[in-house]
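> Take a look at the following structure, please.
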Ligand code: SF4
């Protein structure tokens, strides 16, 4: 187990490093030098060169990368070329927004998805087909389209929830929850459909295992077979599915943030890509990777812990 | 043994293509998906000839209009015709999504085939890399690429394909590996075909269906992501229409013109649905029929069937009481039992036997003879879709064939218990032995937790486990097969049953362990007075433990009686053949030089003849055998036999003729019953 965790940690570290290199290269391929970007159109070539020299733009790539890496390890991701603010500070403000969104959507989609998937597998017949059709439709509808419809229904037609904006938790927990409601539901719809499918398939597979017959042969009540034994067996692939889902939702929050004007990482990356703000882009990519890899690691350990075979070894 | 020759690859491919095509068009969703995509592509490619407006034509008399005669799907905020814009954008969206499919599925497939062909080292490296790729925040990386390269849609879709290829690799790898290791690939290797040749000619065709399924699903993903990017402003340059961009435009007017959301969203959703439907139609649906616990809907259906059996088999008003004098406690009487697939063939017909308390009955025969189905019907645990269709299973006078699942629940474990062939699979891998045992004891004997724990230990000791306390704490995967079978027996004993149904309980075990388990069962019968129905193909087991035998062939009992009589003085040619073919049943002294074989196979239920079902393989078959053969008294004690020539054979003392297979090379003729 300890060996397993060490291995996974090294893998995670490698992943982040690879992404850091990739991000660095991508950012350097962006059109326009930092000087040109930060000074904007109409700046003189001398001024641009001066800024570039100050930022070390003309140093060899390797030197630049290690300088960036050295700073990054100490928590300094550079300053924005557009408004000169610290990228780290900006992202620290934004991370909770996206994290709340992705975590909320993951939890909601897991609950909904498991409920739907288990019901479909256990009840069978018409209900199974109805849920299958419903889930198929949810998978096909783009999240942003569903989001707009939600805005129309719950914010325009009846103002149950605010249409846009984000209220920090510290300001008002109630408003925080209200401001998250629509974006979280929007994101969770597709995720729930995915997890429902995964759950249904895993439950059906669990029910095909021979030990289910043994349980019936010892007069185990049906509810116990379904919700204790079969669900426990199916929990491994379901949790793995939820882990995958989180990655998707973390990225998918870009769209929800745009739609609901949430000041999260997604909005940051969208803005900085549009304005060619290299340090910001690089910062977001790395931070997003760190978060996703970390959560993935935790969920993977959880999966392993659920499996007696792996836990014992 | 000569390995069965795999079909030639080209045949295989054709069969596969036909199968896929058939499956696609058998599903209404698949057909609808194909029609929609084909229509969309055709409409989009011919758009310039039929579209009523150019994409940039502005009709200021009809801004943000709903559907009208002039604008079938309405107009946007600049008075542009939605229908024209949707179809003009279709070709680009579909085409660029195809890039993701080609790059993603192509790269994933190549990587999987490479990993399968090049051995473990390469596989480990590729798997690591794909693992990293799968744990990346894909959307953020795509956005960074857009930052570097601008909104170059084909490039973005290609990068998306690369990110997706890791998932495809995962899906395909297992299948590619199993194809790679198949017989015909080995044969090709011997013939000197290069690795590349094997991959292309033998592995790739086998992957076709999976590749098509994944392509359809990835196509849908590509469209959704592309639309999403256009929605947040990274679509084709501005005046050019794109589905995501149009929805983005519509979202600005959700307050004053909500209709605008509908046409584009619907077309996008339908297209994604179509691709998914094609993928699902071709893909492997989870098999719901193999479930050991049928769904609620299936259970309701079954309850109706059970009621029908009850009504059909019991003419008297009281379905439970038997006309005979009430049988002794612990007596099983099966009368004319039939088991069949719902709406399909019968698997067991007109089977009758009795099991007296404290005796062991062997159900013997090759696989496919209906032994296991007969045994499982005693517990009402037939697989989904299979049910008792007639006859009676009288347990203490109650007809279990017509019992509801709730009534059976009161019988299972407490009256009748089950042990099965593979003890490892019969135990729940997720729970400890102790949990499984104690929860069964608490349920079946209404004991408290502490008492149940104590009882569990006693039971384990009773089945010959020395360090019971340790075993209670283990998970099934931590103990050996023989130990697991002992645990399974203890579990079956937890409700103090009076009848134990044992389905090939020793087949999967080592020979020495087999003997131990058999002697354990024998002593349990002696100590507890329970009776046993033992399903086996092994006449050695029969000789060892059974008091009575019913030999089954193709769903019928062909001979039954006391074990000693049957083994010493078999009357039915099938029994003769089984004995002649089984080295265990022949004592070492009179072991023949040559063992006989029974040529041919047990016929499939749909191929059963009206006459003797063994006729096709019988050495004594004659014209009289074509008529239905009744089960008649064989003349030795209470024995019964189903053969028109039984008397003749007994008088002439004929023997099953050995064929040309020398004893030392005989493979098990009687196959292991894997069903
Ligand atoms: S009835 Fe005829 S075919 Fe059937 S077992 Fe007897 S001899 Fe053989």
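> Contact order normalised by length for region A:201-313, with contacts defined as Cα pairs under 8 Å and 6 or more residues apart; what percent is it?
Result for region A:201-313 is 24 percent.
> Where does the protein assembly as shown land at 222 nm, in deg cm²/dmol rounded to the nearest 500, when only DSSP H runs of n ≥ 4 count, each adding -39500 (n - 2.57), divided by all residues?
The per-residue figure over the protein assembly as shown is -18500 deg cm²/dmol.
> Counting only other chains, and only Cβ atoms inside 10 Å, what mean value do you get across the residues of A:122-128?
The per-residue average across the peptide is 5.
> If each of residue B:350 and residue B:454 carries a label point 7 Å out from its Cα toward its Cβ, how far apart are those two points in nm?
5.5
> What do you get when you divide the Cα radius of gyration of region A:115-213 by 2.2 N^0.38 Å, with N the number of residues?
Working it through for region A:115-213, the quotient is 1.40.
> So for each of B:468-480, B:444-456 I average, over its residues, the number of other beta carbons within 10 Å; can you give me the resulting order with the highest mean first?
Those peptides, ordered most packed to least, come out B:468-480, B:444-456.
> Percent of alpha carbon pairs in the protein assembly as shown separated by more than 40 Å?
55
> Please compute the contact order of chain A in relative form: average sequence separation of alpha-carbon pairs under 8 Å and at least six residues apart, divided by the residue count, as a percent.
28
> Hey, with R₀ at 30 Å, roughly what FRET efficiency would residue A:103 and residue B:467 work out to, going by the Cβ-Cβ distance, to 0.05?
0.05
> Note down the nm distance, to one decimal, between modelled labels 7 Å out along Cα→Cβ at residue B:151 and at residue B:569.
9.5
> Along the Cα-to-Cβ line of residue B:27, 7 Å from the Cα, sits a label point; which residues in region B:289-304 have backbone N less than 17 Å from it?
B:289
> Angle check, please: helix A:173-207 long axis (alpha carbons) against the longest principal axis of chain A (alpha carbons), in degrees 0 to 90, nearest 10.
Roughly 50 degrees between the two axes.
> R0 = 51 Å: FRET efficiency of residue A:261 with residue B:201, Cβ-based, nearest 0.05?
0.35
> Hey, another quick one. Relative contact order of region A:247-313, please, whole-number percent, based on alpha carbon pairs below 8 angstrom and at least 6 residues apart.
Computed over region A:247-313, the figure is 22 percent.
> What is the fewest-to-most order of A:205, A:50, B:504 by other Cβ atoms lying within 10 Å of their Cβ?
Going from sparsest to densest Cβ surroundings: A:50, A:205, B:504.
> To continue, here is another question. Within 10 Å of each Cβ in B:291-304, how many Cβ atoms from other chains are there, averaged over the peptide?
6
> Arranged by the count of other C-beta atoms within 10 angstrom, fewest first, what order do A:158, B:165, A:33 take?
Least to most surrounded, the residues fall as A:158, A:33, B:165.
> Averaged over its residues, how many other protein chain Cβ atoms are within 10 Å of peptide A:247-258's Cβ atoms?
5
> Here's something else I'd like to know. So if we plug the beta-carbon distance of residue A:7 and residue B:34 into 1/(1 + (r/R0)^6) with R0 = 45 Å, what FRET efficiency do we get, rounded to 0.05?
E(calc), rounded to 0.05, equals 0.45.
> On to the next question. Could I have the simple spin-label model distance between residue A:83 and residue A:309, label points 7 Å from Cα toward Cβ, reported in nm to one decimal?
Placing both labels 7 Å along Cα→Cβ, they lie 5.3 nm apart.
Here, each number is a calculation from the coordinates, and none is a lab measurement. In this text the structure is predicted, and so the values were computed from the model without any measurement. Backbone-built Cβ (ideal geometry, glycine too); neighbour counts: all protein chains shown.
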